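What follows is one structure encoded as structure tokens, with my remarks underneath.
The values are calculated or read from the model by the stated rules, or taken from the named source; none is laboratory data. Since the model is a prediction, treat every value here as computed from it, not as a measurement. Don't worry about glycine lacking a Cβ; one is built from the backbone with ideal geometry, like all the others, and counts go over all protein chains shown.
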Amino acid sequence: MSDELPARTSPSSPRQLLIDFGPVGLFIVSSNILNRFPETKDNSIFIATAIFIVATLIAIAYCRWKTGRIPPALIVVGVLVVGFGGLTLALHDDEFIKLRPTFANIFYCTAILISVLIRQNVMKLVFGHVFAFSERIWTILALRWAGFFFVMIFAAEYIRRTMSTEDWVNYHFPVLYVPTIIFALANTPFILKHNIETPTETPSQQAPSA
């Protein structure tokens, strides 16, 4: 049996994007389609939520099958979708699925802050294989993201409280996810500036062969 781990999927690969955004995209599309038919309009959010749960579980299983691992962020998403989606279906109350983004941001903000306090920076644990920063830079990056998720808690709550369920389904994705992409891009210069390149060994530096 080979001891080699499956190759990691690039975060920007089409397959990874499908895993990350496919279920929520299916949730939005199915809700809009179901809203067009009188027979399903009243229960569209609940049927779409059930589809969302199943699609998320399929994405997790597919990721495990293709890569041999499940990223921690995907596990968190799965727990939140199944938890809040399950409550939505069990209690027939769409407020629970609409609360999911709020609690997701609360979780991310809290987890990052606690990890910094106990000196187990979760940003370093997750991205340490990609970037090499000093501890100070890892801390700054973590606090930036904690602050971002803190702000997004209020954004998630604002749209939940002010939008109808139909509007929330259509607009929560761009309102909550587009700022995440913009914030990540805004941090790119900082990351590139402070990333410590590992020097490659030149032939002259290699030990002579015996």
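The residue list I114, I97 contains one member that is surrounded by fewer than 17 Cβ atoms within 10 Å (Cβ to Cβ), modelled with pLDDT of 95 or more and either not acidic (D, E) or not assigned by TED's automatic domain parsing to the domain that holds I182 (or both), which is I114.
Residues in segment 110-125 that are assigned to a loop (DSSP other than H, G, I, E, B) and among the aliphatic types (A, V, I, L, M): 1 in all.
Looking at T102, T67, just one residue is outside the structural domain of A156 (by TED's automatic domain parsing) and either surrounded by 15 or more Cβ atoms within 10 Å (Cβ to Cβ) or touching a Lys or Arg at 6+ places or on another chain (Cβ under 6 Å) (or both), and that residue is T67. Being among the hydroxyl-bearing types (S, T, Y), within 30 Å of G86 (Cα to Cα) and modelled with pLDDT of 90 or more is true of T162. Residues being crowded, with 19+ Cβ neighbours inside 10 Å and either assigned by TED's automatic domain parsing to the domain that holds Y171 or at pLDDT below 90 (or both) are entirely absent from segment 28-36.
Just to be sure, is F131 in the same structural domain as P101 (by TED's automatic domain parsing), closer than 29 Å to L26 by Cβ, aromatic (F, W, Y) and at pLDDT below 95? Judged against the criteria, F131 is not a match.
For K98, the test of being of a type in the set (D, E, K, R), within 27 Å of V29 (Cβ to Cβ) and within 17 Å of the chain's Cα centre (by Cα) is passed. In segment 38-109, counting only helices (runs of 4 or more DSSP H) that sit wholly within it, the ones holding 2 or more residues that are among the aliphatic types (A, V, I, L, M) span 44-67, 72-91. Could you tell me whether I137 is hydrophobic (A, V, I, L, M, F, W, C) and either surrounded by 18 or more Cβ atoms within 10 Å (Cβ to Cβ) or within 16 Å of the chain's Cα centre (by Cα) (or both)? Criteria met by I137. Taking the criterion of being among the β-branched types (V, I, T) and either modelled with pLDDT under 90 or surrounded by 12 or more Cβ atoms within 10 Å (Cβ to Cβ) (or both), the residues of segment 165-197 that qualify are T165, V169, V175, T180, I191, I196.
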